[in-house]
Each structure stands twice: as C-alpha cells, then as structure tokens.
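Read through the structure below, which is laid out as structure tokens, and then see the notes.
The values are calculated or read from the model by the stated rules, or taken from the named source; none is laboratory data. Here the structure is a predicted model, which is why all the values come from computation and not from measurement. Glycine also receives a Cβ, built like all others from the backbone with ideal geometry; neighbour counts cover every protein chain displayed.
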Amino acid sequence: MPGDHARMLEAARGERLWPRAPLWMVALGAAGSVLLLAYPFIFKASFSHHMMILILLYALMAQSWNVVAGFSGQISLGHAIFFGIGAYSSTVLFAKYGLTPWAGLLVGMLLSALAAVAIGVPTLRLRGHYFAIATLLIGSSVQIVFQRWDWVGAASGLYVPIDRTSPWFYLQFHTSKVPYYYLALAAAAAGYLLVWKLRRSRFGFRLQALRDEPEAAASLGIAIARHKVLAFMISAAMMSVAGTFYGQYVLVLDPERLFSVEISILVLLMTVLGGSGTLWGPALGAAVLVPLSEYSRIWFGGTGRTIDLIIYGILILLVCMWRPSGILSLFEERIRRRAGVTP
Amino acid sequence: MSLLLDVQGVTKRYGGLTANADITFDVNEGEIVGIIGPNGAGKSTLFDLITGFQPLDAGRVLLGGRDITGLRPDRISRLGVARTFQKLKPFPDLTVTENVIVGALAHTADMRTARDQALEQLAFVDLLEKRNNFARELSTGQRKRLELARALAMSPRLILMDEVTGGVDQRTISGLIDLVLALKTRGLTIVTIEHNMQVIMRLADRILALHAGRRIAFGVPEEVRREPAVVDAYLGTVPDAA
C-alpha cells in the first residue's frame, strides 16, 4: 500500500502543472486568431468593421466586469463609471491641453483605479448586496455630475477636436475604420491575456477561493477586502481602456450614453450569458449580444432599443433555466475534468 | 514542553445568551487537546473566538506569548493557525488539487511549488485519486479529508479541527483517527472538537469539557471522564473507554 501511494504521488508530480490544451483547441485558437487578424480584409464593408469594433470593445468591457463578478464574486452595477472616465480622460486632456490620447489612456486607467478604491474600500467589506446597490447608485450620481459639470461640457458632452496631422499619435482615423479595428483587437487581446495570466496566478486562485467560501479563504490567510479592492481596481482600469478607445472611435462624448446604466447592465448580461468566471464567456456573450443590439436597431429603428432588451431578457431567462453558469461552462467543465487544472 | 496557545477568560454573548463564559485553557506545543460538550455547549464559538472569526466580549488569546486577540482571521492564520469547519467549506468549483493549492499559496507564490505541496498533502490524506475531481463531487468523508489537506498545506503550527469524525461512517472514522495521530508525530499541535467519546479518549492528551458555555472540566482524559459535572452533562451515559 505505501509503495502504491509513493508511486501515485510520483506520477502526480510528474504531471504538467498546466496541462497542454487538446489539439482541437489549439487548432480552434489558431484559426480564430488568423480570422481575427484577417477580418478587415475578408469583410470589407464599413458596417462589418463597425460591428466587429464594438464586439471587441464589449468583449473587453465584459471581461473587465468578469474580473470583479466572475472571479471575486462582487456584482457591480456601475461599471459604466469607468467606461466614462476612460473616454473623458483622454478627450479632456486632448481638447484642453493637446495631450495625446495615449497619455489620456494611462491617466484614465489611473483615475479609474483610484475611483475603484474610493468606491470599493467602504463597500467591498460589506457582505451581501451592498456593493451592487452602492455601485448602481454611485453610477447614477456620477452620470448626473458629468451632465451638470460645465468644464466637461455638461449635458451636451464633448467633441474630440479633429486632427489630421498624425493619426497614430492622436488616435484619429478619418478615412478608414481598419486602424480602429486593430486597436480594439489589441486592447481586447491584452485584456484577455491579462485575465488568462491572472487565472493561473496566486492572486487569481485566491479570488476564486474567496468568491466561493470567504470564511474558508480567510482561514487560509487571504485578506478578503484587500483582494476584492485590488480586483476591482484591475477591472476598472480595463474598462477605462475600452472607454478611451470608444471615445476616440465615435469622437463625440455623450454623458447620457457613456455613463448609462444600460452599459453597466449590458456587460453583466454578456458575461452571465457567456459564462461568468470563465475566460472566453465574456467574449462569447459580446459576440452574441452586440450584433443582436445593432441589428435590432437597424430593423426596428429607434424602437429597437426596447426590442433588444426584450430579447436579452429572454436569452438570460433561457440561460438561467438551462445552464445557470453560462453557455461556455458546458465545454469548460469537460475539458478541466479530463485535463486536470484550469485550461 | 512550551506553551503554544493560551486562552484566558474568553467570553462571548449573543444578546441574552452567553455562548462562552470566562473560558480558560491552554495548549502545549505538540499536544492534542480535545474539546467535548453537548450540542450548544459553545465549542464552535470558542474556535471562532480563537481564530478571529467572531469578536470576543472579554478575555485574551495568546499564541506563543503574542496577544492575537481581535486580529482579523487572515492575520491569525498567517501566524500559523489553521482550522477546519464543522459545516464544511471546500471551494466547490475548484478541483481537489486546486483547493489544496490555495492552502499552500499561504507561504509560496510559486504555483509549481504550491502544486507539489498540495499533492503531498493529498497523498497524506489519501485523496490523490480524486485530485482532478471538483470538490463538490466528493462525499462527506472525502470533503473532511480535503479540508484537512487544505489546512495542512499552509504548514501551520497549530490546527483547530471541528468535528473531523462527525457525520462519517465507522470505517472512515478509524482512518481519520490514524491521520490525526500521524499529524501528532509530525510535531503539529492540535485542538479538536469531538462528539465521539471513544475517539477523544484515545486521541487527546488533555480534554476541555464545556457545558452551556462554561468550562466544566479541563485535564487528562481519565480525570475528565470521572468528573461528576461531565457525567452529569452527558446524563451519566459516559461510555467506558474501549
């Protein structure tokens, strides 16, 4: 018996720490990457570029929400705050001080992370739904502040001043959407790479532990509040990046839209639909919901706004009934069971 | 033998109910101290006070001479105090190995080191075969062993175990007892809450008996077993040590 044990332990130690992905997954990933890189040249219509830019930005935003909700278990209903901060940071710095939006991107991330600390420190130590309620209300308050704040254009918002001298430096492309596409792709890829690393790190494991059993996590030496706040900061900075790129893409900042509850809810719906706490769930959710929203707007005109919400509702209902942990969990569980550790 | 845990006059009230009234006991390094008492005697509350999960109303808790009263649970844990829970708390959506990795990450940031240590602990509690299962798929007895492995992976100085043998069948119990004894030979200091009198008589060096939130006896097993208050608390049905 002891010999058996020793042999089994030896065998287990010999296993890879992160099991190799199965061949079909590698193939799928490679095909997906090639498709994403070649996309603007396969689909040449401006509208298909627009659609994909939105999908990529929303995939990043949903992933940002996933970091807080999927990994640390805190439901944020105010993520639009950081989206707005990202867009406003770069635009204000460019419009008023002529600073490149690349600097604004970093400033936005920093401000968003600071806002996350200000919101998170008092609310994240509370159990239950306080965090959700607080973020919802703070989200609305921030929107009202921006709608009244004259320095940033109040309710009429801001325009990004047009500059045609140096597109990459000023992040403005007036002849084609393709550069925006690659920027959005790069931003999304960076976000997903970060979360992929996160899931395999000590911090990621600790987040998942405190999400499921906070007391057990504390008994293992995990400082719950500090970890939650840090996750919220990372998430806020990611959301801010999407905000900056979105602002540069549409070139018009409307506080009504940027800080809307709709955006906060949308990133939630995408993540829950695709599978919260998974790596690819948020992207899957974005790929389903963005086209749904865009097409319903085209087909139903202005009234499409409500039609897409009805469809979202039905989708969420179906997911809750059929697979509460999201579409992706169907596959992920199988992979993990076979392979050992998180893919 | 040097003193590791020193609990001095610990008191906890919930409104009118006194869950722990002025409880004093101590644990020497390398010792197994058992805590017994009927349901509602205040055993799990006492664990919560020692490990910082509940604030206490009076008294002090010293660990190796250092006052840890009022520290947060994670701080106390990082000082080398591990615990298991009566109501089991495995991380359900992590695999068995990943559960134990979280424990090992208490003292290393390197995932490979953590994984290897996790596997060692899983081998120790005989759960290696289940390593790639999700924790939620385990039986109660397996979950108990998983919690034990996870706590041990922190390399604690002191472990508080809340009813390791509760709710599992007789065969599993003897396996768990062997585990606890093996831990003792490794030099770990153990405080264990136990309902099963035969088990505790075999395991413990000293026993703390609680009743209605009060300490009714503290001493070596034979002494405690003969204590009239203890016999009373168990309605005179204390079984002979087998």
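Of note:
- Elements of type strands (runs of 3 or more DSSP E) contained in the stretch B:154-228, each with 1 or more residues being more than 30 Å from B:Glu120 (Cβ to Cβ): B:206-211, B:214-219
- Helices (runs of 4 or more DSSP H) contained entirely in the stretch A:159-242, each with at least 1 residues that are farther than 23 Å from A:Ala80 by Cα and either of a type in the set (S, T, N, Q) or within 14 Å of another protein chain (Cβ to nearest Cβ) (or both): A:178-199, A:202-212, A:214-219
- Some residue of the stretch B:77-95 being at pLDDT below 95, away from chain A (no Cβ under 11 Å) and part of a loop (DSSP other than H, G, I, E, B): yes
- From the list B:Ile36, B:Ile68, the lone residue that is touching a residue at least 24 places away in the same chain (Cβ under 8 Å) and surrounded by 18 or more Cβ atoms within 10 Å (Cβ to Cβ) is B:Ile36.
- Residue within the stretch B:167-174 that is touching a residue at least 12 places away in the same chain (Cβ under 8 Å), hydrophobic (A, V, I, L, M, F, W, C) and closer than 21 Å to B:Asp26 by Cβ present: no
- Among the residues of the stretch B:34-76, those that are assigned to a loop (DSSP other than H, G, I, E, B) and of a type in the set (A, V, I, L, M) comprise B:Ala41, B:Leu56, B:Ile68, B:Leu71.
- Test: residue in the stretch A:87-110 that is within 12 Å of A:Met239 (Cβ to Cβ) and in contact with a strand residue (DSSP E or B) (Cβ under 9 Å, 6 or more places away or on another chain): yes
- Qualifying position, being surrounded by 19 or more Cβ atoms within 10 Å (Cβ to Cβ), of a type in the set (Lys, Arg) and within 11 Å of chain A (Cβ to nearest Cβ), among B:Arg136, B:Arg131, B:Arg145: B:Arg131
- Residue that is farthest from the other protein chains (Cβ to nearest Cβ) [pool: residues in the stretch A:5-45 that are of a type in the set (Phe, Trp, Tyr) and surrounded by fewer than 10 Cβ atoms within 10 Å (Cβ to Cβ)]: A:Phe41
- Residue count for the stretch A:243-262, restricted to those that are in a helix (DSSP H, G or I), touching a residue at least 24 places away in the same chain (Cβ under 8 Å) and not charged (D, E, K, R): 10.
- Among the residues of the stretch B:104-128, those that are at the interface with another protein chain (Cβ under 10 Å from one of its Cβ atoms) and either more than 22 Å from A:Ala6 (Cβ to Cβ) or assigned to a loop (DSSP other than H, G, I, E, B) (or both) comprise B:Leu105, B:Ala106, B:His107, B:Thr108, B:Ala109, B:Asp110, B:Met111, B:Asp126.
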